[in-house]
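Here the structure comes first, spelled out in structure tokens, and everything after it is commentary.
The values are calculated or read from the model by the stated rules, or taken from the named source; none is laboratory data. All values derive from a computational prediction rather than experimental measurement. When we count neighbours, we look across all protein chains shown, and the Cβ atoms used for this are built from the backbone with ideal geometry, even at glycine. Note: accessible area is taken over every heavy atom of the protein model, side chains too, but ligands, DNA and RNA are not part of it. Shrake-Rupley method; radii C 1.70, N 1.55, O 1.52, S 1.80 Å.
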Amino acid sequence: MKLSIIVPCYNEEGVTHLFYKEAIQHIQKCPCDYELLFVNDGSKDKTLEELKELKEKDEHVFILDFSRNFGKEAAMLAGMRESSGDLVVIMDADLQDPPYLLPEMVRLITEEGYDSVATYRVDRKGEPPIRSFFARKFYKMINKMTEVEIVDGARDYRMMRREMVDAILSMPEVHRFSKGIFTWVGFNTKYLDFENVERVAGETKWSFWKLFKYAIEGIVAFTTFPLRLATIVGFLMSCVGFLFMLYIAIKAILFGDPVAGYPSLIVVITLIGGIQLLVLGVMGEYLAKTYMETKHRPVYIIKKKY
Ligand code: UDP
Ligand code: MG
């Protein structure tokens, strides 16, 4: 049995060696052969050089070098495509995904028959409070709107059987939201929890803006509910408009029509204008996704394999 460990790395200079030193101890406790697949996601620092040093020390290390930064989703996809293990696990380079869970994950799959073992953080210690707040809201919202169930605090740290990896790879979409894809494909998943660990070195690659875009991506990828919402809001506004029209007509018949109502007119115009723009924006979001998907561009480009 072989275990493939996929590690996306973006500007992880000074982190990769720490990761290797810590992870390898736990990997060797697993009763299987292993390969360590590092994906260098267009790092602008010495990450690639460091990874090559690791490869010289350990022949189980393989490197996929992207031609530029394609994002973590692309890196995970590339890793899964290139992996050859019967078991595949995805881990962050910064040791925020504790490697001591690896032997337990292997045991749960090989002995207890689970198809996949996923992890989630029970707390968000050390994270900016605003980020935690919006992250929580995001999970609440996406779980309400979609059929896929995404556990709050779920990490991409997850071990899967080959069958499940193949199922994931059979999904051709370009805009990938793995947290949703993992649950969408089904399979029997066991969840392990752990307490949040802070990054060993380096800093987070996720700005607030990047996370915001990622959240929109997730919603658009897994539900068309916002489009439905546009219809509902449009319908309600039409009802209100109709009633208002009746009210004005009756008022004019009964009391005549003194020239007044400029402020309320402006309020109504801006309100409806705003809602129209919002709805257009939502439609544009989906149209843009459709447009990009129809181009069938590759999700990433590998410059070189080591
Ligand atoms: N990462 C990547 N490409 C990116 C951004 C991040 O491959 O464009 C990798 C990064 O090197 C790390 C993992 O994804 O191994 C998680 O990133 P990070 O620790 O910055 O995210 P956080 O833990 O703050 O959510
Ligand atoms: Mg991290």
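Below is a table of values for the structure above.
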quantity	calculated
Cleavage-rule hits, trypsin sites (Lys or Arg not before Pro), the range 221-306, DSSP coil, Cβ neighbours within 10 Å at most 12	Lys295
Net dipole in debye of the range 1-73 [+1 Lys, Arg Cβ; -1 Asp, Glu Cβ; about Cα centre; nearest 20]	120
Reciprocal mean inverse distance between Cα atoms of the range 68-131 - Kirkwood radius, Å	14.2
Whole-number D in µm²/s for the range 108-150 (Stokes-Einstein; Kirkwood sum over Cα pairs; 4 °C, 1.567 mPa s)	101
Kirkwood hydrodynamic radius over Cα pairs of the range 208-268, then Stokes diffusion coefficient at 25 °C and 0.890 mPa s, in µm²/s	162
Helical contribution to [θ] at 222 nm, DSSP H n ≥ 4, -39,500 (n - 2.57), averaged over the chain, rounded to 500	-16500 deg cm²/dmol
Relative contact order %, the chain, counting alpha carbon pairs below 8 Å whose residues are six or more apart	23
Degrees between helix 129-145 axis and first principal axis of the chain (Cα, 0 to 90, nearest 10)	70
Within the chain: Cβ-based charge dipole about Cα centre, in debye rounded to nearest 20 (Lys, Arg +1; Asp, Glu -1)	960
Rg/Rh ratio calculated on Cα atoms of the range 17-89 (Kirkwood radius)	0.96
GluC sites (Glu not before Pro) restricted to DSSP loop in the range 132-235 with at most 16 other C-beta within 10 Å	Glu147, Glu149, Glu173, Glu195, Glu198, Glu203
Top positive-direction residue, dipole computed over the chain with Cβ charges, set Gly85, Gly218, Val7	Gly218
Distance (nanometres) between label positions extended 7 Å along Cα→Cβ at Asp58 and Leu265	7.4
The range 205-306 - Rg (one decimal) and Dmax (whole number), Cα, Å	22.4, 84
Rounded to 10°, Cα long-axis angle of helix 225-255 versus longest principal axis of the chain	10
Quotient of C-alpha Rg and 2.2 N^0.38 Å, computed over the range 191-240	1.92
Long-range Cα-Cα pairs in the chain (distance over 33 Å), rounded percent	35
Dipole magnitude of the range 1-146, debye to nearest 20 (Cβ charges: Lys/Arg +1, Asp/Glu -1, about Cα centre)	880
Gyration tensor over alpha-carbon atoms, the range 133-275, equivalent ellipsoid semi-axes in Å	49, 19, 12
For the chain: accessible area per residue (Å², 1.4 Å)	55
Cα point-scatterer Debye curve for the range 1-145, base-10 log of I(q)/I(0) at q = 0.10 Å⁻¹	-0.38
